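The values are calculated or read from the model by the stated rules, or taken from the named source; none is laboratory data. Computed from a predicted model, the values in this text were never measured in an experiment. Here Cβ is always computed from backbone atoms with ideal geometry, including for glycine, and neighbour counts include all displayed protein chains.
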Amino acid sequence: MKSLVVEPSGPETVKHTVRIAKTDIDIAAGECRVAVRRAGICGTDLQILEGYAGFAGVPGHEFMGTVENVTVDVTGRPAGLMRAMELVRPRARW
């Protein structure tokens, strides 16, 4: 997976690209892994690229994909289910 990462650095906003292997991302209890198929970029994402609100992370919070893996305590989201999502509290590690 290839992602654009935005990090504030004083008055500047630093942008760089990282590659993350699917096996490098653990899912914790109560979570599922979604294979993102399409992602949208909204006006807020464009502002983030210019340093909006000191955001640090990966822009593109509106997306759709397929549930790949779920933890045993997750119900109602079986693997293979297609979902459209909007993240407001992302959990990302890179």
Original post:
What residue, of Gly43, Gly30, is at positive phi and exposed (fewer than 13 other Cβ atoms within 10 Å of the Cβ)?
Top reply: Gly30
Original post:
Quick check: anything in region 66-79 part of a loop (DSSP other than H, G, I, E, B) and within 15 Å of the chain's Cα centre (by Cα)?
Top reply: no
**OP:** Filter region 1-24 for residues that are exposed (fewer than 14 other Cβ atoms within 10 Å of the Cβ) and in contact with a strand residue (DSSP E or B) (Cβ under 8 Å, 6 or more places away or on another chain) and give the result.
**Re:** Met1, Lys2, Glu7, Val14, Lys15, His16, Thr17, Val18, Arg19, Lys22
**OP:** Give region 63-78 a look and list any residue that's modelled with pLDDT of 80 or more and either in contact with a Cys (Cβ under 6 Å, 6 or more places away or on another chain) or loosely packed, with under 12 Cβ neighbours inside 10 Å (or both), or say none.
**Re:** Val67, Val70, Val72, Asp73, Val74, Thr75, Pro78
